[in-house]
1. Rg to Rh for region 14-109: what is it, with Cα atoms only and Rh by Kirkwood?
2. Please arrange Cys94, Cys111, Cys66 by how many other C-beta atoms lie within 10 Å of their C-beta, fewest to most.
3. Residue by residue, what Karplus-based ³J(HN,Hα) values in Hz, rounded to whole numbers, does region 86-102 have, using 6.51, -1.76 and 1.60 with θ = phi - 60° and x for Gly and Pro?
4. Cα gyration tensor of region 1-70, axes a ≥ b ≥ c as square roots of the eigenvalues: rounded (a/c below 1.5), prolate (a/b > b/c) or oblate?
5. Would you mind working out the magnitude of the charge dipole of the chain relative to its Cα centre, with +1 at each Lys and Arg C-beta and -1 at each Asp and Glu C-beta, to the nearest 20 Debye?
6. How high is the relative contact order of the chain, given as a whole-number percent (alpha carbon pairs under 8 Å, six or more residues apart)?
7. At most 16 other Cβ atoms within 10 Å and a DSSP loop assignment: could you name the chymotrypsin sites (Phe, Trp or Tyr not before Pro) in region 1-82 that fit?
8. Taking the Cα atoms of region 38-169 alone, what are Rg (to one decimal) and Dmax (as a whole number) in Å?
Amino acid sequence: MFKTIRMDLQTYGGDWAAQGFWVMLVYRFGRWRYGVRPSALRRFLSLLYRMLFKIVQILTGIELPCEVEVGKNFVIDHFGGIVISGYAKFGDDCRIRNGVVVGLKRVDEPCAPIIGNNVDIGSGAKVLGKIRVGNNVIIGANAVVITDVPDNSIAVGVPATIKVRRGIE
């Protein structure tokens, strides 16, 4: 856990005051507690995690449950209004901004997007449903993505249209 926290701190440029770092700190603690034995200690740590999760959620406006799979160098740029479903998965080197929702398309279908490596999600974007977002993708501000996005693409608009990124090898 401490190694990943140090990596997260480096990702945030050593800024302990970054709200995104606070969220990642609580997220890493939540993931770590699953492996704690004995179970009585794990239950106590789970209660502590739930309290920390709620405090960070209130202070930052960011909801990142520990059930989400997050890769290395995950950056939450700007705080506020970020909601990520526990079913979502993120690859390495992803960046999200304020107002982003990554989650369910319908409540009766509990599956969320799987997001590849090096994905940049703009402010206010909504990425919803059982979709895959490829590697090296940019999702524009306020885009609503409800279909798969292939590698090396840009998704813009409501609903999002997919365009090939130029200059990407």
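1. Values: Rg = 13.7 Å, Rh = 14.0 Å.
Taking Rg over the Kirkwood Rh, I get 0.98.
2. Details: Cys94 23, Cys111 15, Cys66 19.
Going from sparsest to densest Cβ surroundings: Cys111, Cys66, Cys94.
3. So the J values, rounded to whole Hz, are x, 8, 6, 9, 10, x, 7, 6, 9, 9, 10, 10, 4, x, 7, 10, 10.
4. On the way: a/c = 2.28, a/b = 1.43, b/c = 1.59.
Since a/c reaches 1.5 but b/c is at least a/b, the shape of region 1-70 is classed as oblate.
5. Working: 22 positive and 14 negative charges, 106 e Å.
The dipole magnitude comes to about 500 debye.
6. Working: 397 pairs, mean separation 20.9, N = 169.
Computed value for the chain: 12 percent relative contact order.
7. On the way: sites: Phe2, Tyr12, Trp16, Phe21, Trp22, Tyr27, Phe29, Trp32, Tyr34, Phe44, Tyr49, Phe53, Phe74, Phe79; in loops: Tyr12, Trp16, Tyr34, Phe74, Phe79.
Within region 1-82, the qualifying chymotrypsin sites (Phe, Trp or Tyr not before Pro) (loop, at most 16 other Cβ atoms within 10 Å) are Trp16, Tyr34.
8. Radius of gyration, then largest Cα-Cα span, for region 38-169: 15.6, 54 Å.
Coordinate-derived values only; no laboratory data. Everything numeric here is computed off the predicted structure, so don't read it as measured data. Please note: Cβ atoms are built from the backbone with ideal geometry, for glycine as well, and neighbour counts cover all protein chains shown.
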